[in-house]
């Protein structure tokens, strides 16, 4: 079976499992909403100030809610020793990784695309003025978050304190990508285009994605095989 | 032999530090704008250099471990990371003291301080991961992979913070003059003080490596004892 | 060519050797019983043979290839302690998934055929989480054998099986052996194992104590080997 088909089979399996129970999806969505709600007490939602921090707010919600989905990625394989079954199957470790990353990516994007209108509602912000570019930033930054998060899900899968360790390891490493996403999102939500100075954040996101995807694909097999 | 080397280095480092302290406190003049406190830079900046050197060594050790699977590379990786983390902490604390004296506040989002904090967190994560894995081989292997990620991340973050700083300027802790130059005597002292700090770092790494090896031996002996 | 060639394998946990210099080979068509007390290293060795773990020293070849080679893994079937099927998927979906992962041409047809073989065709579309233990075990057997592996690695396969499942497993194993497959199974249920085994390997605290054809004495008294080669 071709590499791509293996990746898609694994991705399909994860998505089918998740849509049947919707456990991680619901938890993640609920968490994102709660965070947006909590922020409304931290800042005055009606003030002009919101425009300056909109990108920061929304990406913090995504980062925290995303961890729930990412943690599940390899953790869901522990029941019935399914992870072993996948590792001793002919599927290469990198294909297993990419399949799972792709599934988490889809789930994360769903949470994000549902959260945006709600964010707009709560904070009275017209968020979709530059929707095309916003989607572009969303796709890039979410992939960075997914690829590092899925890798760490594999790394921490056998640990007792997996739920604590994943965020602790993930967030410091995500800072360049989150920083870029926040900056670009703030600009786009304000209805402006990405201008000269801000292109550097797009380049950073692309570079981040390429470098960490390459590292993850290279090392995931080492991590999975004992 | 190894013991002798450690003692010799320790002695050399101690002598240098004493001599340097004398020059720093009594020999060099006060700085124009900052007064006396600028002298902390002679510990603040070299601790960054040392920490960075430690992290480069650590990343290399992890890469070598993954290539060769020799336990001594794993020992080197954890020892250098721990010592590096300590020196980052020294850099952070000296930086905060300095900021408090010249600006009256403990923390500004000075780019280097910010980056140091992120770096500290990244490597603290590495140390936490090691604690959480019991099997020594899995511990060595998985933390080595994490270390590759950590080092890459630290490098990327360095550049990212630099760019962020150009868009969101923050005050910078420095003693460079108007033309961006430092007084030559001060610059020389910076490097002269780096040498003993580096030697202390190396001594700590050597001691820690030996301890790690002994720890592993003890764990294996315990396992053997249980098996009987 | 041997089916499995274990050459000087050592496995360490830190400095502690769980497996020491294990050497043996298994020829195609043999059914090897892997014996040893708990902690002797049976599961450790099977994990290395399955490609779940790597040996620090030494080499393992399956049909002349390294185990981490995808082509080799496609001809290996593994049944470990866990059943290796997904609770949230149906029996049919599970078997179809693994048929696809093992590159079978007609995944759906194979899945249906095996559901019938293990008498689960009536619950093909029910989710595994609703199954009884016996049903899960039968599904696990289907998953292990559906790609007609040339090498079977079974870790204590008869432990905690109900008698219906034991009969099923013995039947499927016999069929595979008749096809020329090779079986390596670690076991405590010595009687069921001895009936099928042609060869035996005894591990004692990580060392290989015995490797050879199954002695006839063992049919009557399965613990004969332990006493012969001293456990202590």
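The values are calculated or read from the model by the stated rules, or taken from the named source; none is laboratory data. Computed from a prediction, not measured in an experiment: that's the story for all the values here. Backbone-built Cβ (ideal geometry, glycine too); neighbour counts: all protein chains shown.
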Counted residues, the stretch C:4-22 - those being at positive phi and more than 9 Å from every other protein chain (Cβ to nearest Cβ): 2
Segments classed as helices (runs of 4 or more DSSP H), wholly inside the stretch C:62-159, with at least 2 members that are within 11 Å of chain A (Cβ to nearest Cβ) and more than 20 Å from residue A:92 (Cβ to Cβ): C:91-101, C:133-145
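Among what's in the stretch C:42-54 and is away from chain B (no Cβ under 11 Å) and in contact with a helix residue (DSSP H, G or I) (Cβ under 7 Å, 6 or more places away or on another chain), pick the residue that is farthest from residue C:182 (Cα to Cα).
Initial filter on the stretch C:42-54 (away from chain B (no Cβ under 11 Å)): C:42-52.
Still in the running and in contact with a helix residue (DSSP H, G or I) (Cβ under 7 Å, 6 or more places away or on another chain): C:51-52.
Details: C:51: 17, C:52: 19 Å.
It comes out as C:52.
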Boolean, residue C:57 is modelled with pLDDT under 95, over 13 Å from residue C:184 (Cβ atoms) and buried (at least 18 other Cβ atoms within 10 Å of the Cβ): no
Only one of C:39, C:8, C:14 that is more than 26 Å from residue C:136 (Cβ to Cβ), surrounded by fewer than 16 Cβ atoms within 10 Å (Cβ to Cβ) and touching a helix residue (DSSP H, G or I) at 6+ places or on another chain (Cβ under 8 Å): C:39
Candidates B:163, B:120, B:115 - the one that is away from chain C (no Cβ under 14 Å), surrounded by 15 or more Cβ atoms within 10 Å (Cβ to Cβ), under 21 Å from residue A:148 (Cα atoms) and without any contact (Cβ under 8 Å) to a residue 40 or more places away in the chain: B:120
Of all residues making up the stretch C:191-227, the number that are out of contact with any helix residue (DSSP H, G or I) (no Cβ under 7 Å at 6 or more places or on another chain) and closer than 22 Å to residue C:19 by Cβ: 12
So residue A:125, is it more than 9 Å from every other protein chain (Cβ to nearest Cβ) and in a helix (DSSP H, G or I): no
